[in-house]
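Single-structure report; data block below.
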Amino acid sequence: MSRAVALIDGEHYPPVVRFALDSLRREHDVVAAAFIGGTEKVDATASEDVYGLPVVRGADARAAVLKALERFAPDVLVDLSDEPILSAADRFTLASLALARGVAYQGADFTFEPPSAECATITATLAIIGTGKRVGKTAVSAYVARSLAARGRKVVVLAMGRGGPAQPEVIRGDKVALTTEDLLALAAKGAHAASDNYEDAVMSRVPTVGCRRCGGGLAGQTFFSNVPEGARLADTLSRELIMLEGSGAAIPPVHADASLLVVGARQGVPYVRDYFGPYRLMRADGVIIAGAEQPLVEPEALHALVSSIRRIREDVPLALTTFRPKPLADIAGARVFFATTAPPLLLETLRAHLEETCGCQVVAASTALSDRAALRADLRAHAGSFDLLLTELKAAAIDVVAAAGAEVGVPTVLCDNEPVTLGGDGLDAMIDRAYRLAQERHRLRSS
């Protein structure tokens, strides 16, 4: 039987709680109760004699649950409380505490299971996960991989995407530099040639294993994926570290020795404070706030976001960053059409950066890279005004942008999104720390 800690409150008459506990014992080994508040039907100091088992108390519900988790190491928390002692938001907070420790959280009409690691690798692993789509997770992953490779570390990226391959495949980004012509050929064969695994291989220049997934749960569990098979393939490449790249808010179903969390600054406080935002924070060894600049986010909103993170994880390393486009080829002197997934608010900043650092003229730009119809309309509207296409390797980069260029004889240059640290704990120092943690924890689980 699974070990259970029951969550009880003083709004229920103690004999009724004991009745429920007796019923619960038919399914679980109930080892303790966490008293989470309420005085209407019980004395606030009611103890083991009242409920017939050890009772854990704290300054509030969160403190009581934390003490119970640490003291009794249950398999499941069973919530026998009710409103008004716990709101729905409170329950998500307690569920996050449980799931972060691998403990299930069960109530009268819900059960939250901790996202499962379907396999563990023989190689150390570092996960890079996010609070949602378009927060810059793949750009961060590529930067981390490049940085570690530059330090002589042997890294492989395991990417899972909503457009990944049917069978896990290896792209030797360290040996073969994929061109837009290569990617167009892949697209012609039916591949999503702008999927994360191609972006990782092109931008990081390290081996990349591409996988696919479909569906994502509240806490990041994937519905279907071939990621475990991809992890076993990555394990055969004799690398020092497998980087597990999440997809949207989904978390790779592979054991992670260390984790970095990428939070979109524009998403705001709810993405870290509410639902399973706290769960993602609790499992992170470092937090990267991406897009932390005006006009994307005002200083007051950014301060509120940082404060919310600190309330949940006071001591976690935190870096404030943004991204700047970096073409993979010389575009000096070119008249450029720039395609990006960046928010329209940032377009003029990116245009100025490209013209200043690359010596080009950005004659037109589109932020509709993930909207094929709008992107085609933008390309048609500016036809003839540009002699080079510059695009991020995302969404419709190949099947629309590069294909349009090939049709009229205009070259397409791919563009990286390079993180720029704006404040907080340095991104490079965070990467080094995460690598060390992954190796240390890997040694412990392998011994």
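Listed values, structure above:
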{"read-out": "Condition met for Leu318 (touching a residue at least 40 places away in the same chain (Cβ under 8 Å) and under 27 Å from the mean Cα position of the chain (by Cα))", "value": "yes"}
{"read-out": "Tabulated pairs, region 1-19, first of a type in the set (Lys, Arg), second at pLDDT below 95 and in a loop (DSSP other than H, G, I, E, B), C-beta under 9 angstrom, 6+ apart or interchain", "value": "Arg18/Gly52"}
{"read-out": "Subset of region 188-224 [among the small types (Gly, Ala, Ser) and either part of a loop (DSSP other than H, G, I, E, B) or buried (at least 23 other Cβ atoms within 10 Å of the Cβ) (or both)]", "value": "Gly190, Ala191, Ala193, Ala194, Ser195, Ala201, Ser204, Gly210, Gly217, Ala219, Gly220"}
{"read-out": "Helices (runs of 4 or more DSSP H) fully within region 25-112 counting 2 or more residues that are hydrophobic (A, V, I, L, M, F, W, C) and touching a strand residue (DSSP E or B) at 6+ places or on another chain (Cβ under 6 Å)", "value": "61-72, 88-100"}
{"read-out": "Ala404 out of contact with any Asp or Glu (no Cβ under 6 Å at 6 or more places or on another chain) and outside the structural domain of Asp182 (by TED's automatic domain parsing)", "value": "yes"}
{"read-out": "Tally of residues being surrounded by 24 or more Cβ atoms within 10 Å (Cβ to Cβ) and either free of Cβ contacts under 8 Å to residues at least 60 places away in the same chain or within 9 Å of the chain's Cα centre (by Cα) (or both) across region 266-280", "value": "1"}
{"read-out": "Of all residues making up region 47-74, the number that are charged (D, E, K, R), exposed (fewer than 15 other Cβ atoms within 10 Å of the Cβ) and modelled with pLDDT of 95 or more", "value": "2"}
{"read-out": "Filter pass, Glu392 being of a type in the set (Asp, Glu) and surrounded by fewer than 17 Cβ atoms within 10 Å (Cβ to Cβ)", "value": "no"}
{"read-out": "Out of Ala334, Ala404, Ala342, sole residue that is more than 26 Å from Met160 (Cα to Cα), at pLDDT below 95 and buried (at least 20 other Cβ atoms within 10 Å of the Cβ)", "value": "Ala404"}
{"read-out": "Residue satisfying condition, being surrounded by 24 or more Cβ atoms within 10 Å (Cβ to Cβ), of a type in the set (Gly, Ala, Ser), in the same structural domain as Glu240 (by TED's automatic domain parsing) and under 21 Å from Val413 (Cα atoms), within set Ala142, Ala159, Ala185", "value": "Ala142"}
{"read-out": "Qualifying residue in region 152-159 (condition: free of Cβ contacts under 8 Å to residues at least 24 places away in the same chain, out of contact with any Cys (no Cβ under 9 Å at 6 or more places or on another chain) and in a loop (DSSP other than H, G, I, E, B))", "value": "yes"}
{"read-out": "Any chance Gly173 is surrounded by fewer than 17 Cβ atoms within 10 Å (Cβ to Cβ) and among the small types (Gly, Ala, Ser)", "value": "no"}
{"read-out": "Complete set of residues in region 226-249 that are under 22 Å from Ala139 (Cβ atoms) and either without any contact (Cβ under 8 Å) to a residue 40 or more places away in the chain or among the hydroxyl-bearing types (Ser, Thr, Tyr) (or both)", "value": "Ser247"}
{"read-out": "Selected residue [among the aliphatic types (A, V, I, L, M), under 30 Å from His192 (Cβ atoms) and part of a helix (DSSP H, G or I)] from Ala438, Ala395", "value": "Ala438"}
{"read-out": "Residue count for region 295-331, restricted to those that are hydroxyl-bearing (Ser, Thr, Tyr) and within 18 Å of Leu427 (Cβ to Cβ)", "value": "2"}
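For every residue, the table says whether it meets (1) in contact (Cβ under 8 Å) with a residue 60 or more places away in the chain; (2) out of contact with any Phe, Trp or Tyr (no Cβ under 9 Å at 6 or more places or on another chain).
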{"residue": "Phe92", "(1), (2)": "yes, no"}
{"residue": "Ala95", "(1), (2)": "yes, no"}
{"residue": "Gly102", "(1), (2)": "no, yes"}
{"residue": "Gln106", "(1), (2)": "no, no"}
{"residue": "Glu118", "(1), (2)": "yes, yes"}
{"residue": "Thr123", "(1), (2)": "yes, yes"}
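The values are calculated or read from the model by the stated rules, or taken from the named source; none is laboratory data. As the structure is a computational prediction, the values presented were derived from the model and not from experiment. Cβ sites come from the backbone with ideal geometry, for glycine too, and all protein chains shown count toward neighbours.
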